[in-house]
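See structure below.
The values are calculated or read from the model by the stated rules, or taken from the named source; none is laboratory data. Note that the structure is predicted; figures quoted are calculated from it, not measured. Using ideal geometry, Cβ is built from the backbone for each residue, glycine included, and neighbour counts are taken over all protein chains shown. In case anyone asks, the SASA skips ligands and DNA or RNA and just uses the protein heavy atoms, side chains included. Shrake-Rupley method; radii C 1.70, N 1.55, O 1.52, S 1.80 Å.
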Amino acid sequence: MSSTVSKDGTAIGYDKTGNGPAVILIAGATQYRGIDQQTPELARLLSEAGFSVINYDRRGRGESGDTLPYAVAREVEDIAALIEVAGGRASLYGASSGCALALEAAQSGLPVDKLVLYEPPYVVDDSWTPPPRDYFEQLAGFRERGDKAGALTYFFTASIHMPPDQVEAMKKSPFWPMLEPVGHTIEYDALCMGREAVEGGLAETQRWNKVTQPVLVVDGDASFPFMAGGANTVAKVLGAGRRTLAGQGHGPAPEAIAPVVVEFLRGDD
């Protein structure tokens, strides 16, 4: 494990593999290297294809620190520090809510070459009920009470719409003790997503009006029903390319997404 130091002094843990043009992998909600088995495999495939790949723990997760107070700008600074590690330029691959953070990094003017966004989870149609309008306030309340388990439970029930009995069963699984420590970072993902995540208006957003890099938006045809609409709208807002992977869900198989990423970053898409 390696680490770098972000602008505010926070240590950011990462793994770096391969040689070539740099790609930074940006995780979605609850993901970090200690529990994520798919992203390291994606990193391996991309590195074998001739890229230098950085897979890191977002702040508040795994081997990265969590200097408070949180702000999305601090996570952008984390990516800036990783771009320095990469040699001064990088492309970004965002997964789920990590797409929003990748876009914020590009919007801020960081030296980003291209972006691949897999399933930015914005609800833009009636195929899914978005989180409640007070979603941000509820998450802030869990943070203020130090209730990480409560934040996770609320996320799974209010955003993912898991039945409460399934969430309770999850709490009894061996996986829960690895998940609970990052429960507070659900709020971080919500802040990265922005108010458009609960209030709509994504089609008219100006949040990313400075993103001029080539962008590819990808979804899977076996994912949540609202993902295609969100991907289509983000692609339209950005004037981005668009792909759909057959048989893939919200967590695509590395062997399915890697060729698409490689093709686009090489300029063949």
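Per-residue SASA remark: Met178, around 80 Å² accessible (1.4 Å probe; ligands, DNA and RNA not included). Considering only Pro225, Pro163, Pro111, the Gaussian network model of the chain with Cα springs below 10 Å gives its largest mean-square fluctuation to Pro163. Note on the range 83-135: the C-alpha convex hull projects to 4.8 nm² when averaged across all orientations. Where in the range 198-215 is the amide nitrogen less than 20 Å from a point lying 7 Å along the Cα-to-Cβ axis of Arg242? Output list for this probe position: 200-209, 211-215.
The orientation-averaged shadow of the Cα convex hull for the range 33-179, equal to a quarter of the hull surface, comes to 10.5 nm². Consider a paramagnetic label point 7 Å from the Cα of Glu84 along Cα→Cβ; state which residues of the range 11-38 have an amide N under 16 Å from it. Taking a point 7 Å out along Cα→Cβ of Glu84, the residues of the range 11-38 whose backbone N falls under 16 Å are 11-14.
Across Arg207, Arg59, the residue with the most accessible area heads the list, and the full order at a 1.4 Å probe is Arg207, Arg59. Under a 10 Å cutoff between Cα atoms, tell me which one of Asp78, Asp189, Asp36 has the largest fluctuation in the Gaussian network model of the chain. Of Asp78, Asp189, Asp36, the most mobile in the Gaussian network model is Asp36.
Each Cα pair of the range 156-198 feeds into the Kirkwood radius, which the Stokes-Einstein equation turns, at 4 °C and 1.567 mPa s, into a diffusion coefficient of 111 µm²/s.
If the chain linking Lys172 and Arg133 were pulled fully straight, counting 0.36 nm for each residue of separation and taking away their Cα-Cα distance, it would gain 11.0 nm. Put a dot 7 Å past the Cα of Ala71, heading toward its Cβ, do the same for Glu144, and the two dots end up 2.1 nm apart.
Solvent-accessible area per residue in the range 143-269 equals 47 Å², computed with a 1.4 angstrom probe and all protein chains kept.
Computed over Cα pairs, the Kirkwood radius of the chain leads via Stokes-Einstein (1.002 mPa s, 20 °C) to a diffusion coefficient of 115 µm² per second. Building the convex hull from the alpha-carbon atoms of the range 51-108 and averaging its projection over directions returns 4.1 nm².
Indicate the gyration tensor shape class of the range 108-153 (rounded, prolate or oblate), computed on the Cα atoms with a ≥ b ≥ c the square roots of the eigenvalues: a/c under 1.5 is rounded; otherwise a/b larger than b/c is prolate and the rest oblate. Oblate, since a/c reaches 1.5 and b/c is not below a/b. Applying 1/(1 + (r/R0)^6) with R0 = 41 Å to the Cβ-Cβ distance of Gln37 and Glu204 gives a FRET efficiency near 0.60.
Under a Gaussian network description of the chain, with springs only between Cα atoms under 10 Å, the residue in Pro121, Pro69, Pro174 that fluctuates furthest is Pro69. When the Debye formula is applied to the Cα atoms of the range 203-269, each taken as the same point scatterer, what base-10 log of I(q)/I(0) results at q = 0.28 Å⁻¹? After summing over all Cα pairs, the log10 values are -1.22. Pair-distance distribution of the range 1-54: all C-alpha pairs, bin width 5 Å, starting at 0; shares per bin in whole percent are 5, 19, 25, 25, 18, 8, 1. Membrane-span-like helices in the chain, defined purely by DSSP H runs whose alpha carbon atoms cover 20 Å or more axially and whose average Kyte-Doolittle hydropathy reaches 0.5, are 72-86.
Keeping the other protein chains in place, figure out the carbon and sulfur percent of the accessible area of the chain, with a 1.4 Å probe. Don't jump to the answer; show the numbers that get you there.
Values: 5760 of 11210 Å².
The C+S portion of the solvent-accessible surface of the chain is 51 percent.
For Lys114, a cut-off of 22 angstrom between C-alpha atoms picks up these lysines, skipping any fewer than 8 places away in its own chain: Lys16, Lys210, Lys236.
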